[in-house]
Amino acid sequence: MSTTLSREDVVRLAERVMTAQTYARPIRKLTEDYPDMTFTDSYAVMQELRKDYERRGHRVIGWKAGLTSKAKMVQMGVDSPSIGFLTDRMSRPENSIISVSDLCHPRVECEIAFVLKKELAGRNVTVEDVIDATDYVLPAIEIIDSRFTGFKFDLESVIADNSSSARFVAGGRPRYPSELDLRTIGTVLEINGQIEAMGASAAVMGHPAEAVSLMVRLLDDMGETMPAGSFVMSGAITQAIAVKPGDHVNARFHELGDISVRFGE
Ligand code: OOG
Ligand code: MG
């Protein structure tokens with residue numbers, strides 16, 4: 001696909017996103033200033049952002065898919081999935097208190113995560129290949145945070161913002177994927193004891209492993225593979241729910257246990 005941004009533009013936009021992520025200061029969509037931006041441009045900005053984080057000592061530990069369920073696409077008004085990198089510093093333990101003062105407008109989502117024991121690469125990875133390469137699956141809460149004003153974006157902008165990646169909490173009960181039907185994992189998301197969202201894992205592209213296969217293809221487009229040891233989140237099963245200080249979030253996953261977390265100032 002074509003590119004419209006110069007190398008200087010890519011670096012400038014990655015810096016703009018980095019500043020918004022670091023200081024939790026929302027910015028306007030990148031397409032307002034660069035209306036002709038293509039997906040190739042967006043991925044170039046994401047990769048530049050990743051290099052910036054690596055230069056600062058953050059370690060990329062895996063990948064996430066975004067917008068892989070109908071509920072998410074409808075909520076955000078986009079029509080295809082995206083990808084983002086995950087770093088060691090985004091991880092938070094179960095039952096911890098997650099600060100929101102360094103986030104713009106956090107939202108929580110329930111996802112199925114995969115930990116790989118073999119590398120995945122190329123354009124023809126099947127669901128079976130993903131399962132074969134998976135060491136174990138586990139539930140996760142993702143805390144997303146768009147850096148765009150009002151949490152409003154288009155696909156070109158959100159990819160450059162690393163698909164709203166901010167924090168994640170993995171936990172619950174890890175399981176071998178061969179022992180489960182990964183399409184029928186029910187999830188219930190409770191906030192302060194109220195059920196706010198519920199769904200089943202097939203909402204993610206019919207099978208969450210399909211989202212992993214899609215990510216491997218997107219990585220292949222960028223000349224990359226998904227290495228053994230990667231922690232991979234397959235995308236939200238339901239719509240994302242906004243959280244504020246004082247909120248207690250409990251995500252219950254059929255067969256995979258519960259994850260709880262609190263939010264603070
Ligand atoms: C984009 C990221 C979406 C998911 O699981 O669908 C995402 C967004 O909605 O801000 O992480
Ligand atoms: Mg997500």
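The values are calculated or read from the model by the stated rules, or taken from the named source; none is laboratory data. Quick caveat, the model's predicted, so the values are computed rather than measured. Cβ: placed from backbone, ideal geometry, glycine included. Neighbour counts: every protein chain shown. Side chains included, ligands, DNA and RNA excluded: accessible areas come from the protein's heavy atoms. Shrake-Rupley method; radii C 1.70, N 1.55, O 1.52, S 1.80 Å.
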GNM result for the chain, Cα springs below 10 Å: residue of Asn124, Asn162, Asn95 fluctuating most strongly: Asn124
Separation of alpha-carbon centers, region 172-239 and region 138-164, rounded to whole Å: 16
Ranked order, Met76, Met46 - accessible area, probe 1.4 Å, largest first: Met76, Met46
Sum of -39500 (n - 2.57) over DSSP H runs of 4+, divided by residues of the chain (222 nm, nearest 500): -8000 deg cm²/dmol
Region 163-206: trypsin sites (Lys or Arg not before Pro) in DSSP loop, at most 15 other beta carbons within 10 Å: none
Approximate spin-label separation Ala24-Ala121, in nm, with each point projected 7 Å along Cα-to-Cβ: 4.1
Prolate/oblate/rounded call for the chain, Cα gyration tensor, a/c under 1.5 rounded: oblate
Cα-based reach from Lys152 at 28 Å (exclusive), listing lysines while leaving out same-chain residues under 8 positions away: Lys29, Lys51, Lys64, Lys70, Lys72, Lys244
Net charge of Cβ neighbours under 13 Å - reference Ser80; Lys, Arg +1; Asp, Glu -1: 0
Euclidean distance of C-alpha centroids, region 122-136 and region 42-114, integer Å: 22
Fraction of accessible area attributable to carbon and sulfur, the chain (%, probe 1.4 Å): 48
